[in-house]
Amino acid sequence: MPSNPWVLCGDFNNVLHSEDRMGTPATAAETQGFQNLIDVLQFTPLRSKGWQFPWCNKQEGSNRVYGKIDWALGNYEWIQIGHVEAEFLNLNTHLFYFN
């Protein structure tokens, strides 16, 4: 069934993989629900550049945690448009720029 190109981006408050968090490790239980949603919707995370970890809990020392919780996701039709990537412009800004 043909579909229109879709992109979904924003602050999902969830990491997708354990390497998307620095500080306290992410568990499989934390990532499973988000991964299942992406699978059901048949979306793919877009290539990204800029801030690798755009979220920080602003704690001090060993309590500090950074995470990738901002995502740009596209369906197959969106990916077929060509060279598309999301650029995370600043820490905690939640702005996306597609080029």
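The values are calculated or read from the model by the stated rules, or taken from the named source; none is laboratory data. Owing to the predicted nature of the structure, the values given are computational and were not obtained by experimental measurement. All Cβ positions, glycine included, derive from the backbone under ideal geometry; neighbour counts span all protein chains shown. Note: areas computed on protein heavy atoms with side chains; ligands, DNA, RNA excluded. Shrake-Rupley method; radii C 1.70, N 1.55, O 1.52, S 1.80 Å.
Considering the stretch 1-37, the residues that are assigned to a helix (DSSP H, G or I) and free of Cβ contacts under 8 Å to residues at least 12 places away in the same chain include one that is surrounded by the fewest Cβ atoms within 10 Å (Cβ to Cβ), namely ALA29. Residues that are open to solvent by 90 Å² or more (accessible area, probe 1.4 Å) and more than 21 Å from ILE38 (Cβ to Cβ) within the stretch 68-87 comprise just one, HIS83.
Name every residue in the stretch 26-35 that is over 20 Å from VAL7 (Cβ atoms) and among the polar types (S, T, N, Q), in order of residue number. Within the stretch 26-35, THR27, THR31, GLN32 qualify.
Looking at the stretch 44-64 only, could you name the residues that are of a type in the set (S, T, N, Q) and part of a loop (DSSP other than H, G, I, E, B)?
GLN52, ASN57, GLN59
Considering only residues in the stretch 38-67 that are within 10 Å of the chain's Cα centre (by Cα), over 21 Å from TRP6 (Cα atoms) and surrounded by 17 or more Cβ atoms within 10 Å (Cβ to Cβ), the one that is modelled with the highest pLDDT turns out to be GLY67.
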